[in-house]
Each structure stands twice: as C-alpha cells, then as structure tokens.
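Student: Take a look at the following structure, please.
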Amino acid sequence: MRKKLVAGNWKMHFTPPAARKFAEEMKTKLCTPDVDAVLCVPYVSLQSVMDALAGSLVKVGAQNMHYMDEGAYTGEISGEMLASMGVPYVIIGHSERRERFGETDTTVNLKTLKALQHKITPIVCVGESQRQRREKRTAAVLRKQITFALDEVRPSEMAKIVIAYEPIWAIGTGEAATLEQAEEACEMIREHIMDNMGEKAAQTVRILYGGSVTPENASALFAMPNIDGGLVGGASVKPSFEQVVRYGK
Ligand code: 13P
C-alpha cells in the first residue's frame, strides 16, 4: 500500500515572516498519520517554515535545486545545501521551470540523481501541453520525460521518488483534468515504469496529480487507483489547504 502524499507548491508566495505565520497556523491542521503533508516553499522561507513545523509530521520541501554540489553558479542553491539544512523534499522539473528557466530533460535527470544521492526525495514533474494533448501525443511526451528523468535511477530507488503528473493546461487555469484523464495518465506512467524497472518499482513509486486541485475536486482525484495524492499550487496558500490534505485519507 502506498501512503498518500499531498504537497503544496507555494511558488513565489509569502515573505519569510508570512510563511512562518501560515505554517504555524496550519501545522496541527495538516497533521494526519494517513497522509504525508509537505509544504514546498521559497528558499528564503525554508528555515522559518522548518522552525514553525518543528515536532510536527508536516515536512518542508524546496522548489528547485542545482545538480552540482558547489561552484561558480551565481544565484543557485545546491542539493548539498538543502541536505545540510535537513530539507527532505525537493520539486524537480516543474513545467514553469522547464518553460521559463531553461530546465531540460537532461537537467531534470541530473537533479533527480543528485537529490537521491543527498537522500532528498525528488518530486519529479512531468506533463503535456494543451497542443500535445490535442495532437494525441500525451503518452509519447510522458514516456519521454519519464525515461529521461529516471535514467540511471535504480529500481530499488523508486520508493524514494515521487512523480507528479501535471498537465500544463491544467496549471493555474481552474480547469483540472477530469478523473479519467488524470487516472489514465498516472496509470500510463506506472505501466511505463513497470515495463522498464519492474513490478516492485511500479508499485512503490508514488504518482501525484497536479493542476487546479481544490478542496472541491481533491477527494475524487485522490481516490483514483493510480493517483497517490496531489501537488497543489494556488489552493496550498489558503487555509482550506487543510481540506485538500485531509482528502488524501
Ligand atoms: P495550481 O494548483 O495552482 O493549478 O498549480 C499546480 C502546480 O503547478 C503545482 O505544482
């Protein structure tokens, strides 16, 4: 049985003091033994949110990291730095980073391997554009993204990886994928992992759905057999995120 995971992706929201306040207000509400709840926050708020969540089951995550441990990479943060702070999760390859910050399948793979090396759980994002879906290329796009992202990852490591299926057309649009679309894509991702890494890897990896998840649609989405929770943007910076997390049960 895979434990559900619901991660909030705050994106570029909340100053560090506001982040601390929100985390303090939410920490007991998000605590449920049935669901792993994670807050993926801006780098500058990692420490204040970790302090606020101390002693709680709710965990913190970063939204990106570099694949080198150190070097002349102005403005970047390494996995080694995150690991030394005790950050347990990191989002890798979000479509906003792929589209606007030059993230490629190759950097996604390097970051995934580096996160695993530092014992940080990567939440690896994949997803097709509106056009790719219209042209019926969704399956091919997802297979390619997954194949690249997981290159040189060992099947035994799949229990420590989270995949987030985030169709680009559903992100921030208020138009979530239908239950059928979300389940079909997550099932396809699991089958692809089974074909390439075996049954055990496919059954242990957690696959999330992301894209306009709300307290209204979360419960039905998270109940689908191949959807192990959600990666939630807009709805994660509101107090009603509590309901979204609890629907993971
Ligand atoms: P929304 O939930 O705001 O659509 O964002 C989804 C997302 O990008 C999570 O990473």
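Student: Filter segment 126-137 for residues that are among the charged types (D, E, K, R) and in contact with a helix residue (DSSP H, G or I) (Cβ under 8 Å, 6 or more places away or on another chain); which is farthest from the ligand (Cβ to nearest atom)? If you could, list the steps in order and put the result at the bottom.
Tutor: Step one: of segment 126-137, the residues among the charged types (D, E, K, R) are 128, 131, 133-137.
Those left that are additionally in contact with a helix residue (DSSP H, G or I) (Cβ under 8 Å, 6 or more places away or on another chain): 128, 133.
Details: GLU128: 14, ARG133: 16 Å.
Among those that are among the charged types (D, E, K, R) and in contact with a helix residue (DSSP H, G or I) (Cβ under 8 Å, 6 or more places away or on another chain), it is ARG133.
Student: Restricting to segment 154-175, what's the tally of residues that are open to solvent by less than 10 Å² (accessible area, probe 1.4 Å) and farther than 13 Å from GLY127 by Cβ?
Tutor: Qualifying residue count for the region: 3.
Student: Of all residues in segment 176-212, which are buried (at least 17 other Cβ atoms within 10 Å of the Cβ) and assigned to a loop (DSSP other than H, G, I, E, B)?
Tutor: ALA176, ALA177, VAL205, GLY211, SER212
Student: Next question. Would you confirm, using the coordinates I've provided, whether MET65 is closer than 30 Å to SER240 by Cβ and within 16 Å of the ligand (Cβ to nearest atom)? Step through it out loud before you land on a result.
Tutor: Numbers: closer than 30 Å to SER240 by Cβ: yes; within 16 Å of the ligand (Cβ to nearest atom): yes.
It is true that MET65 is closer than 30 Å to SER240 by Cβ and within 16 Å of the ligand (Cβ to nearest atom).
Student: Can you find, within segment 16-41, the residue that is modelled with the lowest pLDDT among those that are open to solvent by less than 60 Å² (accessible area, probe 1.4 Å) and touching a Lys or Arg at 6+ places or on another chain (Cβ under 8 Å)? Explain how you work it out, then say what you get.
Tutor: Residues of segment 16-41 that are open to solvent by less than 60 Å² (accessible area, probe 1.4 Å), as a first pass: 16, 18-19, 22-23, 26-27, 30-32, 35-41.
Subsequent filtering for residues that are touching a Lys or Arg at 6+ places or on another chain (Cβ under 8 Å) retains 32, 35-39.
On the way: THR32: 91, VAL35: 96, ASP36: 97, ALA37: 97, VAL38: 98, LEU39: 98.
Across segment 16-41, the extreme among qualifying residues is THR32.
Student: Any residue at all in segment 6-15 that's open to solvent by less than 20 Å² (accessible area, probe 1.4 Å) and away from the ligand (no atom under 16 Å from the Cβ)? If you could, list the steps in order and put the result at the bottom.
Tutor: Applying the first criterion (open to solvent by less than 20 Å² (accessible area, probe 1.4 Å)) to segment 6-15 yields 6-10.
Retained after the next criterion (residues that are away from the ligand (no atom under 16 Å from the Cβ)): none.
No, every residue in segment 6-15 fails to be open to solvent by less than 20 Å² (accessible area, probe 1.4 Å) and away from the ligand (no atom under 16 Å from the Cβ).
Student: When the residues of segment 213-249 are filtered to those that are of a type in the set (S, T, N, Q) and within 15 Å of the ligand (Cβ to nearest atom), which remaining residue is most open to solvent (accessible area, probe 1.4 Å)?
Tutor: Initial filter on segment 213-249 (of a type in the set (S, T, N, Q)): 214, 217, 219, 226, 236, 240, 243.
Filter again for within 15 Å of the ligand (Cβ to nearest atom), leaving 214, 217, 236, 240, 243.
Details: THR214: 43, ASN217: 40, SER236: 0, SER240: 38, GLN243: 82 Å².
Filtering segment 213-249 for residues that are of a type in the set (S, T, N, Q) and within 15 Å of the ligand (Cβ to nearest atom), the one most open to solvent (accessible area, probe 1.4 Å) comes out as GLN243.
Student: Answer yes or no as to whether SER95 is polar (S, T, N, Q), modelled with pLDDT of 95 or more, within 13 Å of the ligand (Cβ to nearest atom) and open to solvent by 10 Å² or more (accessible area, probe 1.4 Å). Outline the logic, then answer.
Tutor: Working: polar (S, T, N, Q): yes; modelled with pLDDT of 95 or more: yes; within 13 Å of the ligand (Cβ to nearest atom): yes; open to solvent by 10 Å² or more (accessible area, probe 1.4 Å): yes.
Yes.
Student: Kindly provide the set of residues from segment 218-249 that are closer than 21 Å to LYS21 by Cα and part of a helix (DSSP H, G or I), ordered by number.
Tutor: Initially, segment 218-249 is screened for residues closer than 21 Å to LYS21 by Cα, giving 232-246.
Residues satisfying the conditions are GLY234, ALA235, SER236, VAL237, PHE241, GLU242, GLN243, VAL244, VAL245, ARG246.
Student: Somewhere in segment 98-107, is a residue open to solvent by 10 Å² or more (accessible area, probe 1.4 Å), within 16 Å of the ligand (Cβ to nearest atom) and within 16 Å of the chain's Cα centre (by Cα)?
Tutor: First pass over segment 98-107, keeping only residues open to solvent by 10 Å² or more (accessible area, probe 1.4 Å): 98-107.
If we keep only those that are within 16 Å of the ligand (Cβ to nearest atom) as well, we get 98-101, 103.
Imposing the further condition that a residue be within 16 Å of the chain's Cα centre (by Cα) reduces the set to 98, 103.
Looking for residues that are open to solvent by 10 Å² or more (accessible area, probe 1.4 Å), within 16 Å of the ligand (Cβ to nearest atom) and within 16 Å of the chain's Cα centre (by Cα), one finds at least one in segment 98-107, hence yes.
Student: Return the residues of segment 128-142 that are open to solvent by less than 30 Å² (accessible area, probe 1.4 Å) and in a helix (DSSP H, G or I); say none if nothing qualifies.
Tutor: Residues satisfying the conditions are THR138, VAL141, LEU142.
Student: Of everything in segment 138-178, what is more than 16 Å from GLY93 (Cβ to Cβ) and either within 16 Å of the ligand (Cβ to nearest atom) or in contact with an Asp or Glu (Cβ under 7 Å, 6 or more places away or on another chain) (or both)? Give them in sequence order.
Tutor: Across segment 138-178, the qualifying residues are THR138, TRP169, ALA170, GLY172, THR173, GLY174, GLU175, ALA176, ALA177, THR178.
Student: On to the next question. Does segment 40-57 include one or more residues that are under 16 Å from ARG246 (Cα atoms), part of a loop (DSSP other than H, G, I, E, B) and out of contact with any Ser or Thr (no Cβ under 8 Å at 6 or more places or on another chain)? So that I can check it myself, show each step before the final result.
Tutor: To start, the set of residues in segment 40-57 that are under 16 Å from ARG246 (Cα atoms) comprises 56-57.
With the extra rule that they be part of a loop (DSSP other than H, G, I, E, B), the set shrinks to 56-57.
Now drop any that are not out of contact with any Ser or Thr (no Cβ under 8 Å at 6 or more places or on another chain), which leaves none.
Within segment 40-57 (the criterion being under 16 Å from ARG246 (Cα atoms), part of a loop (DSSP other than H, G, I, E, B) and out of contact with any Ser or Thr (no Cβ under 8 Å at 6 or more places or on another chain)), the answer is no, since none of the residues qualifies.
Student: Select from segment 1-41 the residues that are within 19 Å of MET65 (Cα to Cα) and within 14 Å of the chain's Cα centre (by Cα) and list them in ascending order.
Tutor: Answer for segment 1-41, where residues must be within 19 Å of MET65 (Cα to Cα) and within 14 Å of the chain's Cα centre (by Cα): ALA7, GLY8, ASN9, TRP10, LYS11, VAL38, LEU39, CYS40, VAL41.
The values are calculated or read from the model by the stated rules, or taken from the named source; none is laboratory data. Worth saying up front: this structure is predicted, and the values here are computed from it rather than measured. We place every Cβ from the backbone using ideal geometry, glycine too, and count neighbours over all the protein chains shown. We work out accessible area using only protein heavy atoms, side chains counted, and drop any ligands, DNA or RNA first. Shrake-Rupley method; radii C 1.70, N 1.55, O 1.52, S 1.80 Å.
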